[in-house]
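The values are calculated or read from the model by the stated rules, or taken from the named source; none is laboratory data. Since we're looking at a predicted model, the values are computed, not measured. Don't worry about glycine lacking a Cβ; one is built from the backbone with ideal geometry, like all the others, and counts go over all protein chains shown.
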Amino acid sequence: MYPPIFEVCSASAAVKTALGTSPVRLYPYGEAPQGVTKPYAVWQTVGGAPENYISNLPDADFYAVQVDVYATTATAARNAAKALRDAIEPVAHITRWSGEGRDADTQNYRFSFDADWWLNR
């Protein structure tokens, strides 16, 4: 019922270089541990729907996923986002670059983008 974003991204050597290997620092939204090493990324489902038909049950589901990368430098955030993009694009569509920013309190840099996944049931 959820897109295989962790499985896809953690199989990428570039993602593991950017986000580590033990563990790969890609977490469902709200589950990154306090004080986690940066860069790290979080993801969340922000939309979606089954592929409905009038006479049949759905055979696929659509998920819109938001990915946010956090890092101590803009370069590290961009490099991690690029690695994630390259891992995701063969199996899903990047649909939006949501922007970059810097948190006033933590001084962490953030890069955000959205991807659309179609998954057969």
Just checking, which of 86, 116, 103, 59 is at negative phi and in contact with a His (Cβ under 6 Å, 6 or more places away or on another chain)?
116
Boolean, residue 81 is of a type in the set (Gly, Ala, Ser) and under 13 Å from the mean Cα position of the chain (by Cα)
yes
Go through the range 10-34 and count every residue that is farther than 16 Å from residue 70 by Cα and of a type in the set (A, V, I, L, M, F, W, C).
3
Of all strands (runs of 3 or more DSSP E) fully inside the range 1-113, the set with 3 or more residues that are of a type outside the set (Asp, Glu) and surrounded by 19 or more Cβ atoms within 10 Å (Cβ to Cβ) is 40-50, 60-71
Which pairs turn up if I take residues in the range 22-49 that are within 22 Å of residue 75 (Cα to Cα) and look for partners that are surrounded by 15 or more Cβ atoms within 10 Å (Cβ to Cβ) and acidic (Asp, Glu) with beta carbon separation below 6 Å, at least 6 apart in sequence or on another chain?
42/68
Could you please give the count of residues in the range 22-47 that are more than 15 Å from residue 84 (Cβ to Cβ), at pLDDT 95 or above and either of a type in the set (S, T, N, Q) or touching a strand residue (DSSP E or B) at 6+ places or on another chain (Cβ under 7 Å) (or both)?
4
